Structure formats: C-alpha cells, structure tokens
Amino acid sequence: MAASFAPTAAHLRLSAFAGTWEGEEHVAASAWTKEGTAVARLTAECLFGGFFVEQRYVQKRDGATSFEARNILGFDAAEQAYKLYQFDMVGFAPAAPASGEWIDDKLVLTKASPRGAQRTLFQFENNDCYRMGVTFAPVGSDTWQEVVSGVYRRVASASSNLS
C-alpha cells in the first residue's frame, strides 16, 4: 500500500507566489551589468499537490532578455526552514539552497557560495502585490550591496496544475 503524503500549512503558504506577475525593477551596477531599470515577468505554479512552487523569471532591459532564472521554493519540515533553489543563465550550480523563514509578511532567504553571501527578500503587500530584493556581500565583506529590487503585481491567477 502506498503512503499518503500531504503538504502542511507551511508548504501551502508558498502558494502565494502562484500565478503570473509583472513588475518594474531597479538593477544595481555590478561586475555583470550596468545600473538601470528592467521589467520582469514571473510565472509560478504549485507542484506535487502544493509541496513546491516552481517560478519562472524573465527580466528584460531595452526590449531584450537580460536575465532568466528558474526557482524552486519549498519547505523543509526536518529543518523547519523554507528553501530556494535557483538555476539561472549565469550557470553557477547551487551547492546548497538559500534557506530562511517567514517573518510576518516577509520571506527572507540567505545562502553562501564561494563568491559570497546572497540574501533574497520577498515582502507581500497584499494577495496581488509583492516586493522582491536581492542583496549580495562579497567574500570577506560584511557590507550588503543591492543587486536588484522590484515591485510585482499579479496579472493572472494561478494555474490549476498541482501535479
């Protein structure tokens, strides 16, 4: 007989990301790009009955795609922590996911890599609007630098695909 598994309320909280979102972003100057503005489209859907959310992110600058990523968000019940696995067009394979927690209406996730530390903050203003910010501290520094920040508004409800 197969075991029955069901997502917890902590897992299901991630369904807030489900749907299609669009937003304007501020991109900070870095070794990879110049400072400026961008527009982004994010499409997210719940997977495996609500255990995970897959988020597809496309950023455009001057009408051309400038950055793409696929994010998988989940909740690790053993660690009682939210996890973010990000795969992007830069090509760095994540050695480990970003890890964090919800604090009120904010999901804060951090990770370390050989290049430094990254912090991602999602803050929901309501069911149809959230802010996202990514900051980075290079190895050997305790100063957080902005990478990108934006405000995203829901333009379409979630799909019904809970496979």
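Each value in this text was obtained by applying a stated rule to the coordinates, not by laboratory testing. Just so you know, these numbers come straight off a predicted model, no measurement behind them. Please note: Cβ atoms are built from the backbone with ideal geometry, for glycine as well, and neighbour counts cover all protein chains shown.
Things worth noting here:
- Partner lysines whose Cα lies under 16 Å from the Cα of LYS111, excluding those fewer than 8 positions away in the same chain, are identified as LYS83.
- For the chain, excluding the exposed loop sites themselves (GluC sites (Glu not before Pro), DSSP loop, at most 12 other Cβ atoms within 10 Å), the longest remaining stretch covers 80-163.
- Integer Hz, Karplus 6.51/-1.76/1.60 couplings in order for region 10-16, x for Gly and Pro: 5, 4, 5, 4, 5, 5, 4
- For region 53-136, the square roots a ≥ b ≥ c of the C-alpha gyration tensor eigenvalues yield an a/c of 1.5 or more together with a/b not exceeding b/c, which makes the shape oblate.
- Taking 0.36 nm per residue of sequence separation and removing the Cα-Cα distance, the ASP105/ASP128 pair yields an extension gain of 7.0 nm.
- The label point for GLU22 and the one for ASP142, both projected 7 Å from the Cα toward the Cβ, are 4.4 nm apart.
- Neighbour net charge for SER66 - beta-carbon separation under 11 angstrom, K R +1, D E -1: 0
- Read-out semi-axes √(5λ) of the Cα gyration tensor in Å, derived from the coordinates shown; its label in (i) 40, 25, 12; (ii) 26, 20, 14; (iii) 35, 17, 12: (ii)
- Residue-span extension gain [ALA9 to ARG115] - 0.36 nm each, minus C-alpha spacing: 34.7 nm
- When you filter the trypsin sites (Lys or Arg not before Pro) in region 93-163 for DSSP loop state and at most 13 other Cβ atoms inside 10 Å of their Cβ, you are left with ARG115.
- Cross-link partners of LYS106 among aspartates and glutamates, defined as those whose alpha carbon lies under 15 angstrom from its own and excluding same-chain residues fewer than eight positions apart: GLU125, ASP128.
- Using the rule -39500 (n - 2.57) for each DSSP H run of four or more residues, divided by the residues of the chain, the 222 nm mean residue ellipticity is -500 deg cm²/dmol.
- Our coupling estimate for region 66-80, obtained by passing each phi through the Karplus curve with A = 6.51, B = -1.76, C = 1.60 and θ = phi - 60°, is 10, 7, 9, 8, 10, 10, 10, 10, x, 10, 8, 5, 5, 8, 6 Hz, Gly and Pro reported as x.
- Cleavage-rule hits (chymotrypsin sites (Phe, Trp or Tyr not before Pro)) in region 21-93: DSSP loop, at most 15 neighbouring Cβ within 10 angstrom: TRP32, PHE92
- Restricting the trypsin sites (Lys or Arg not before Pro) of region 26-97 to loop positions (DSSP other than H, G, I, E, B) with no more than 12 neighbouring Cβ atoms within 10 Å leaves LYS34.
- Relative contact order computed over region 9-154 (Cα-Cα under 8 Å; 6+ residues apart), in percent: 18
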